[in-house]
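Here the structure comes first, spelled out in structure tokens, and everything after it is commentary.
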Amino acid sequence: MNNRLFLFIILYCASLSLKAQYYDDPENHQCLKCHSNQTYSFHNDLMDTEEKRLMNPYYILDTIALKNGVHSVFDCTDCHSYEYTSYPHPANVKLEPLATCLDCHGGDESFATYQFERIQEEFQKSVHYQVYGDNFTCSKCHSQHTYATTARTSSSVLEIVEYSNNMCLSCHNDMKKYSLVAGHENPEIVDIHNWLPNQELHFQHVRCIECHTQVADSLMVSHNILEKELAVRKCAECHSANSKLKASLYKYQNLQQRAEDGGVLGVLSNDSYVIGTHQLPLLKVLSIIIFLAAMAGIITHLIFRILKK
């Protein structure tokens, strides 16, 4: 067993036993007693007074999301400098670069199935990296504090889509964060997608990356974000028998049954568009009513024929 894997297992087991004291009691957690609240208090040594300040909203952590994230087994100082345990925080530690996914997961056989190196290669082809280079890190989209494997574990298309799209919208629908990275005004999401029919339904039932990435067969999620001019605009690429969605959203094993189920139960239970068709909600309801009415008519007819005989 290599040393990194052994260390990871030790840390994991140790942190499981201490997990409760990490995040279940934020008021007594050295970091979260400040970073889970809108305000924080400290002693001003210079003036010898107790002071209360507003916390920067970008530094307020959602403790529930933190606890449910994949990194919940680690404490803050496992990733952040131990110097953060004192306040005021030393200015030099604030300039330290944040760790990337590859810093922990790269070159480790225990994480080989997730193909972090291949993801890095695909990301470096993306428009984000081409324009912003190393300034656009993993954390711009994937918060190390709250990231969860929703796509691989959930059976709800709506939940997967909402979680994924919120990653994109956290920047593309936030003027301040978008300007911080892009340096120009953020275009309105609704306006630039005004060509899309049933816009609201598309936003709810498919991920942004379905249209804005180049699908990679060997990766669960493509990280090659394309330029907007190269985004999918042809309905048939998704609404056809050979739908692009089978190689992207419905690639997950937990969703494949829904993608392949074309029966009545599939239509009744599926909250998303059925692959290979174009559904309108009203027509879907009417088709179900007509089908049930036809079945009721056939059964009634058979009953009367039997009684008459």
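The values are calculated or read from the model by the stated rules, or taken from the named source; none is laboratory data. Keep in mind that this is a model prediction, so the values were computed, not measured. Using ideal geometry, Cβ is built from the backbone for each residue, glycine included, and neighbour counts are taken over all protein chains shown. Each accessible area value is taken on the protein alone, full model and side chains, heavy atoms only, with ligands, DNA and RNA left out. Shrake-Rupley method; radii C 1.70, N 1.55, O 1.52, S 1.80 Å.
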Report summary line: Between Arg207 and residues 5 or more places away or on another chain, the pairs with built amide H atoms under 5 Å apart involve none
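Send over a whole-number figure in Å² for the accessible area per residue of region 104-259, probe 1.4 Å.
Computed with neighbouring chains in place, this is 58 Å² per residue.
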Query raised in the report: In sequence order, what are the phi-derived ³J(HN,Hα) couplings for region 39-45 according to the Karplus relation 6.51 cos²θ - 1.76 cosθ + 1.60 with θ = phi - 60°, rounded to whole Hz, with x for glycine and proline?
Result: 10, 9, 10, 7, 9, 7, 5
Query raised in the report: Short version: ³J(HN,Hα) in whole Hz for each residue of region 181-190, in order, from phi by Karplus 6.51 cos²θ - 1.76 cosθ + 1.60 (θ = phi - 60°), x for Gly and Pro, what are they?
Result: 8, 7, x, 9, 5, 7, x, 6, 4, 5
**Report entry** GluC sites (Glu not before Pro) restricted to region 204-235 and DSSP loop, no more than 12 other C-beta within 10 Å
**Finding:** Glu227
Report summary line: Long-range amide H partners of Ile225, meaning residues 5 or more apart or on another chain whose placed amide H is closer than 5 Å, are Ser126, Val127, His128
Report summary line: Listed by chain and number, the aspartates and glutamates with an alpha carbon less than 13 angstrom from that of Lys176, same-chain partners under 8 positions apart left out, are Glu185
**Report entry** Length released on extending from Tyr87 to Glu117, taking residue separation times 0.36 nm less the Cα-Cα span
**Finding:** 7.1 nm
